[in-house]
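The values are calculated or read from the model by the stated rules, or taken from the named source; none is laboratory data. Just so it is clear, the structure is predicted and the values come from calculations on it, not from any experiment. Note: ideal-geometry Cβ built from the backbone for every residue, glycine included; neighbour counts use all protein chains shown. Side chains are part of the model used for accessible areas, which takes the heavy atoms of the whole protein and leaves out ligands, DNA and RNA. Shrake-Rupley method; radii C 1.70, N 1.55, O 1.52, S 1.80 Å.
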Amino acid sequence: MRIDIITVSPELIKSPFEYSILKRARDKGKAEIHFHDLRKYAINKYGKIDDYQFGGGAGMVLMMEPIDKCISQLLQERKYDEVIYMTPDAQTLNQQTANSLSAKKNLIILTGHYKGVDQRVRDKFVTKEISIGDYVLSGGELAAAVLCDAVIRLIPGVLGDETSALTDSFQDNLLAPPVFTRPADYKGMKVPEILLSGNFPKIDEWRHEQALNRTRRIRPDLLDEESSDD
Ligand code: ADE
């Protein structure tokens with residue numbers, strides 16, 4: 001997969017791609033990430049990329065022209081499956097969206113800043129808008145990093161069996177069950193007997209039950225979603 005990230009702060013977004021699973025994915029050739037500094041497409045030699053909003057109001061808006069130049073150049077070079085805009089005024093990222101994006105070949109991710117981008121950018125280029133939650137970040141860079149992490153780890157061959165994505169929380173609309181490691185008894189705090197029993201069908205059953213209980217308690221809305229999807 002190739003991802004082109006358009007940003008006004010390339011340095012802010014680069015480091016998550018230099019560690020752990022994302023680095024491994026890049027080293028294995030599973031994910032190729034390109035960062036594009038929007039200022040290189042500025043409308044004048046002073047690096048202008050934003051302006052006041054028509055109609056008045058606080059906050060600067062990223063202008064159409066620099067983004068048009070950057071995206072149009074990329075679109076000339078190859079075909080993209082999606083042009084994604086990171087913004088709080090969009091549907092919230094979930095595991096289903098991450099799953100479906102992980103099967104794509106080429107993605108553009110546009111990150112906003114200040115008051116966001118001129119609406120005409122969204123109308124002309126953007127095919128998908130994604131929020132990472134109901135709160136406002138200073139820019140879309142951290143949100144883009146979150147999206148890329150959620151997507152890239154699902155690309156086949158990125159995770160080893162030991163970290164299989166299939167058992168993650170949300171893959172089946174359930175939160176993950178509790179997990180334990182050695183020692184079996186820590187200062188009197190004991191690991192549930194069933195996990196030490198070696199009876200794997202029973203262990204699976206126990207885990208499913210725990211996942212259900214945890215979901216009912218903390219995120220009952222996920223169970224509603226499951227039944228409304230049917
Ligand atoms: N940009 C600012 N806040 C954001 C959010 N919550 N999700 C995605 N992009 C954003």
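Some notes on this structure:
- Wholly enclosed strands (runs of 3 or more DSSP E) of the range 34-122 bearing at least 3 residues more than 18 Å from Met1 (Cα to Cα) and assigned by TED's automatic domain parsing to the domain that holds Tyr135: 50-52, 60-62, 82-92
- When Ala184, Ala176, Ala150, Ala103 are checked against the criterion of being away from the ligand (no atom under 16 Å from the Cβ), open to solvent by 20 Å² or more (accessible area, probe 1.4 Å) and touching a Ser or Thr at 6+ places or on another chain (Cβ under 9 Å), a single residue qualifies: Ala176.
- There is at least one residue in the range 1-8 that is surrounded by 13 or more Cβ atoms within 10 Å (Cβ to Cβ) and more than 30 Å from Pro156 (Cα to Cα).
- From Ser72, Ser102, residue being over 12 Å from Phe125 (Cα atoms) and among the small types (Gly, Ala, Ser): Ser102
- From the list Thr97, Thr111, the one residue that fits, being among the polar types (S, T, N, Q), touching a residue at least 60 places away in the same chain (Cβ under 8 Å), within 16 Å of the ligand (Cβ to nearest atom) and within 30 Å of Phe170 (Cα to Cα), is Thr111.
- The requirement of being open to solvent by 40 Å² or more (accessible area, probe 1.4 Å), farther than 30 Å from Glu225 by Cβ and among the polar types (S, T, N, Q) is fulfilled somewhere in the range 33-51, by at least one residue.
- Val136 being open to solvent by 60 Å² or more (accessible area, probe 1.4 Å), near the ligand (Cβ under 10 Å from one of its atoms), in contact with a strand residue (DSSP E or B) (Cβ under 7 Å, 6 or more places away or on another chain) and assigned by TED's automatic domain parsing to the domain that holds Phe54: yes
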